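Accompanying notes for the structure given below.
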Amino acid sequence: MNLGSLKPASGSVKARKRIGRGQGSGKGGTSTRGHKGAKSRSGYSRKIGFEGGQMPLQRRVPKSGFKNINRVEYKAINLDVIQHLVDNKKVKEITPEILSENGIVSKNDKIKILGRGELKAKINVTAHAFSDSAKSAIEKNGGEVKSM
C-alpha cells in the first residue's frame, strides 16, 4: 500500500446534488424547492419561533417576574463551617484562598459569612460580606473581621 493508492471505502462518498442545472439533470426548473411560496424564493429565512401563523409558544405562556442583572451572588459560609475548619484542618485564619483550597468555595466566588452555628475559636476572617450576627460572634471571641 502507498499514499497514491488510497481512496475512500466504496459507497461512503456520495456525489453532490447539482440543482438548477437544466431540465435534463432532473433537478432543474424549481430546483427542488417546489412551486411558488415564500420558501421557494431566494433570501427566505423563517423568523425564530415562527409556527406557521399559530400563536407561538413564547407568546402563549404567561410571563412573570424579572431577572436583576445587577444582583451580586454570594456563597454563604456559616460559623459552624469555620469552626469545623479550625477543629479538623487546624486553620489559623479564614480567607477566600483557604476556603477554596479546602473545597468549600470556588476560586471566583464572593463569600458572605453567616451566623448559624457556634464559634468557639479566636480567628481572623476575611470575606466579601458579613451578617451582623456573624460579625458580633467573631468579635466576641476576640477575632478580627476584614471586608474585601
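The values are calculated or read from the model by the stated rules, or taken from the named source; none is laboratory data. Being a predicted model, the structure only gives us computed values, none of them experimental. Backbone-built Cβ (ideal geometry, glycine too); neighbour counts: all protein chains shown.
Results for (1) farther than 24 Å from Asn141 by Cα; (2) free of Cβ contacts under 8 Å to residues at least 40 places away in the same chain; (3) among the hydrophobic types (A, V, I, L, M, F, W, C), shown as yes or no for each residue.
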residue	(1), (2), (3)
Arg46	yes, yes, no
Glu51	yes, yes, no
Gln58	yes, yes, no
Phe66	yes, yes, yes
Arg71	yes, yes, no
Ala76	no, yes, yes
Leu79	no, no, yes
Ile82	no, no, yes
Leu99	no, yes, yes
## Note on the structure
Given (1) under 20 Å from Leu119 (Cα atoms); (2) more than 29 Å from the chain's Cα centre (by Cα); (3) basic (Lys, Arg), Lys75 misses just (2)
## Note on the structure
Counting only residues in the stretch 49-85 that are part of a helix (DSSP H, G or I) and β-branched (Val, Ile, Thr), the one surrounded by the most Cβ atoms within 10 Å (Cβ to Cβ) is identified as Ile82
#### Entry: Pairs where the first residue, in the stretch 122-139, is among the hydroxyl-bearing types (Ser, Thr, Tyr) and the second is surrounded by fewer than 15 Cβ atoms within 10 Å (Cβ to Cβ), C-beta under 7 Å, 6+ apart
Thr126/Lys146; Thr126/Met148
### Query
Is it the case that the stretch 106-116 has a residue that's loosely packed, with under 14 Cβ neighbours inside 10 Å and of a type in the set (Asp, Glu)?
no
### Where Lys112 falls short, out of the listed (1) part of a loop (DSSP other than H, G, I, E, B); (2) under 32 Å from the mean Cα position of the chain (by Cα)
(1)
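Out of the residues in the stretch 117-134 meeting the condition of being touching a strand residue (DSSP E or B) at 6+ places or on another chain (Cβ under 9 Å) and buried (at least 18 other Cβ atoms within 10 Å of the Cβ), tell me which one is farthest from Asp87 (Cα to Cα).
Per the stated criteria, the residue is Phe130.
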### Query
Within the stretch 11-48, restricting attention to residues that are among the hydroxyl-bearing types (Ser, Thr, Tyr) and outside any loop (DSSP other than H, G, I, E, B), which residue is modelled with the lowest pLDDT?
Ser25
### Summary
Those residues of the stretch 50-73 which are of a type in the set (Gly, Ala, Ser) and under 30 Å from Lys110 (Cα atoms) amount to Ser64, Gly65
